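Below is one structure, written out as structure tokens; comments come after it.
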Amino acid sequence: YPTVDGEFMIGHTDGNHGLHDDYDYNIQVGLTIPLFQGFFQQNEVKKAEANLSLAKAKLLDIELLMTREINVSQKDISYALDAINYASAYLESAEEDFKISLNKYRQGTNTILDVINAQTSVADASSKVILAQKDYFTSLTNLAYALGSLNLNPHELESYMEQAYEEN
């Protein structure tokens, strides 16, 4: 861009105690007009366009990352619900086996080891149910975090998941 520069100077020369004093005045004005700036403007436009493209690419990358996190969280919730169902069925079966094993032991047709094994199966099944429930709530929390809404309760998250599955 063109620029205007200016300079003003005053000088004083003292001679013979004030009889021959001289004052010098100097004024300079300059105008600078760039005739060629080495394609500065075009390069600045290209630089701004490149920065815009980079920002758009970063935004798209973040959107894809968020979408992936949401999808993974939804799948984790689905897997956790399946695991709860399977673990609950395993627990029911283990409890039934324990009851049968205990009755057989009381009747004298089973050993104490069979009862202990059945009891161990019940404890293992209970721990699997608890682990599946923990995974479920962890998955719900991860989904809430990915959605940016940690203040949602589990019922709101479940309704969100139902809507998401209906859309897919």
message: Checking the structure you have, find out if any residue of segment 81-92 is farther than 30 Å from residue 147 by Cβ, more than 41 Å from the chain's Cα centre (by Cα) and among the hydroxyl-bearing types (Ser, Thr, Tyr).
response: no
- prompt: Which pairs do you get when a residue that is β-branched (Val, Ile, Thr), found in segment 124-143, comes within reach of a residue that is part of a helix (DSSP H, G or I), reach meaning Cβ atoms under 6 angstrom, with the pair 6+ apart or on two chains?
  reply: 129/87; 129/88; 129/91
task: Could you check, for segment 125-144, whether at least one of its residues is outside any helix (DSSP H, G or I) and under 30 Å from residue 65 (Cα atoms)?
output: no
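For segment 27-74, name all the residues that are within 30 Å of residue 9 (Cβ to Cβ) and among the hydrophobic types (A, V, I, L, M, F, W, C).
27, 29, 31, 33, 35
Only the coordinates and a few stated rules stand behind these numbers; no lab work does. What you are looking at is a predicted structure, and each value in this text was computed from that prediction instead of being measured. Using ideal geometry, Cβ is built from the backbone for each residue, glycine included, and neighbour counts are taken over all protein chains shown.
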